Protein chains: 2
Amino acid sequence: MFELLLQSIKERVDITDEEFNFCKTLFIPKKLRKKRFLLQEGDVSRYTTFVEKGMLRTYTIDDKGNEPILQFSFEGWWVSDLYSFLTDEPSNYNIEAVEDCELLMITRPSWDMMLGKVPALERYFRILVQNNLIATQRRLMGSISETAQEKYTKLINGFPGCLQRVPQHMIASYLGITPETLSRIRGQMATNK
Amino acid sequence: MFELLLQSIKERVDITDEEFNFCKTLFIPKKLRKKRFLLQEGDVSRYTTFVEKGMLRTYTIDDKGNEPILQFSFEGWWVSDLYSFLTDEPSNYNIEAVEDCELLMITRPSWDMMLGKVPALERYFRILVQNNLIATQRRLMGSISETAQEKYTKLINGFPGCLQRVPQHMIASYLGITPETLSRIRGQMATNK
């Protein structure tokens, strides 16, 4: 436990063993089985969570009953509803385990304390949030101007492992297209190979 | 000069007068006239820029010649292509003054030095990037699942001043719809009032 978290931090900032040992005391380990929820719409996101193993999806449910997906979170990623976590407001998102997961959770007060005592982690989270912003901006621009096929090609080039681990209907929800459209695109691409 | 920047920082973190006086020495003031470019596609985003006055748009040009807009940046906001600024890679974005602008620019080496010397600014930028991420995630989810009318209503509720300052065709580009669709929506909303 904690190896992947330590690696994630050390790749980005300098942290002493003493500082990391202090951080470790603040996390709550949790196993979450497939199809169970880490967060449900209407609840407050009390924790931000590091994924040690497994994969989760963050999604909303819109008025038409669709479930557009904001994010898949694999090992080594953080997951929470950031807005709800920072404001204590109820969340609009659901976070569900797509695979059996092993998680490290930290509450808002512990997270604040950790950032106060270990300033390098301010930098660590700034870098993570920055990278997430860059990726989200690209996806947004793509969703405004790309065709479904362009979006799909970008996804499989960016996350080749995604196809093996994520059910097709979730990939469609992530791209904002119907499963039928996705199936048609995959058919066309197989034919053109 | 610098009052708005000081206010932006003080609203979020504690900074001493001495620290802020040091920061001020690192910025380069620039006036940019309407329709001039702060950044053009293919160039590296050498600066991150605080908007003291005026407004800019960040946009790409897609294969069909459309100009989807990532962001409008008003007074009190920061603007750059974050990816290009952080990596020295050429940018895919254009940043153009929509109004006459007064700007405070800072280079990457100066910005790094500033964050090193004034750790409170790590926190300041983490908070800004975090808020930008939350807003971009919401816009992304909206762009996947909302109708054009829902997107427009959300924009005018979120930025009431936007309508007075941003030309109609740019609002359409921001929403990822045609000017004709926008015009139809506005007509319908006026009729239903």
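The values are calculated or read from the model by the stated rules, or taken from the named source; none is laboratory data. Bear in mind the structure is a predicted one, so any value in this text is a computation, not a measurement. Here the Cβ positions follow ideal geometry from the backbone for every residue, glycine too, while neighbour counts run over all protein chains shown.
Some notes on this structure:
- Scope segment B:131-144; condition closer than 18 Å to B:Ser173 by Cα, facing chain A (nearest Cβ under 7 Å) and either of a type in the set (A, V, I, L, M) or surrounded by fewer than 19 Cβ atoms within 10 Å (Cβ to Cβ) (or both); matching residues: B:Leu140, B:Met141, B:Ile144
- Restricting segment B:13-58 to residues that are touching a Phe, Trp or Tyr at 6+ places or on another chain (Cβ under 7 Å) and among the hydroxyl-bearing types (Ser, Thr, Tyr) leaves a set whose member that is nearest to A:Gln137 (Cα to Cα) is B:Thr58.
- Among the residues of segment B:1-31, those that are more than 23 Å from the chain's Cα centre (by Cα), part of a helix (DSSP H, G or I) and loosely packed, with under 12 Cβ neighbours inside 10 Å comprise B:Asp17, B:Glu18, B:Asn21.
A quick yes/no check of all residues on (1) outside any strand (DSSP E or B); (2) surrounded by 18 or more Cβ atoms within 10 Å (Cβ to Cβ):
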| residue | (1), (2) |
| --- | --- |
| A:Lys64 | yes, no |
| A:Phe72 | no, yes |
| A:Met114 | yes, yes |
| A:Phe125 | yes, yes |
| A:Val129 | yes, yes |
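- Sole residue being crowded, with 18+ Cβ neighbours inside 10 Å and facing chain B (nearest Cβ under 9 Å), chosen from A:Leu82, A:Leu103, A:Leu56: A:Leu82
- Flag if B:Glu75 is on the phi < 0 side of the Ramachandran plot, among the acidic types (Asp, Glu) and within 12 Å of chain A (Cβ to nearest Cβ): no
- Checking each residue in segment A:53-62 for being assigned to a loop (DSSP other than H, G, I, E, B), under 14 Å from the mean Cα position of the chain (by Cα) and either at pLDDT below 90 or not hydrophobic (A, V, I, L, M, F, W, C) (or both) picks out A:Gly54, A:Thr60.
- In segment A:32-53, the residues that are under 20 Å from A:Glu89 (Cβ atoms) and crowded, with 21+ Cβ neighbours inside 10 Å: A:Leu38, A:Leu39, A:Ser45, A:Tyr47, A:Thr49
- The criterion of being touching a Leu at 6+ places or on another chain (Cβ under 9 Å), closer than 25 Å to B:Ala172 by Cβ and touching a residue at least 40 places away in the same chain (Cβ under 8 Å) does not hold for B:Ser45.
- Residue within segment A:118-129 that is touching a residue at least 60 places away in the same chain (Cβ under 8 Å), touching a strand residue (DSSP E or B) at 6+ places or on another chain (Cβ under 9 Å) and more than 9 Å from chain B (Cβ to nearest Cβ) present: yes
- Segment B:74-100, residues that are part of a loop (DSSP other than H, G, I, E, B) and aromatic (Phe, Trp, Tyr): B:Phe74, B:Trp77, B:Tyr93
- Output for segment B:145-181, where each listed residue is among the small types (Gly, Ala, Ser), more than 9 Å from chain A (Cβ to nearest Cβ) and touching a residue at least 40 places away in the same chain (Cβ under 8 Å): B:Gly161
- For segment A:70-97, a tally of residues being over 26 Å from A:Tyr124 (Cβ atoms) and out of contact with any Asp or Glu (no Cβ under 8 Å at 6 or more places or on another chain) returns 1.
- Residue identified as closer than 22 Å to B:Arg57 by Cβ and either modelled with pLDDT of 95 or more or aromatic (Phe, Trp, Tyr) (or both) among B:Tyr152, B:Tyr124: B:Tyr152
- Check on A:Phe72, touching a Ser or Thr at 6+ places or on another chain (Cβ under 9 Å) and over 17 Å from A:Gln40 (Cβ atoms): yes
- Residue in segment A:144-158 that is touching a Phe, Trp or Tyr at 6+ places or on another chain (Cβ under 8 Å) and charged (D, E, K, R) present: no
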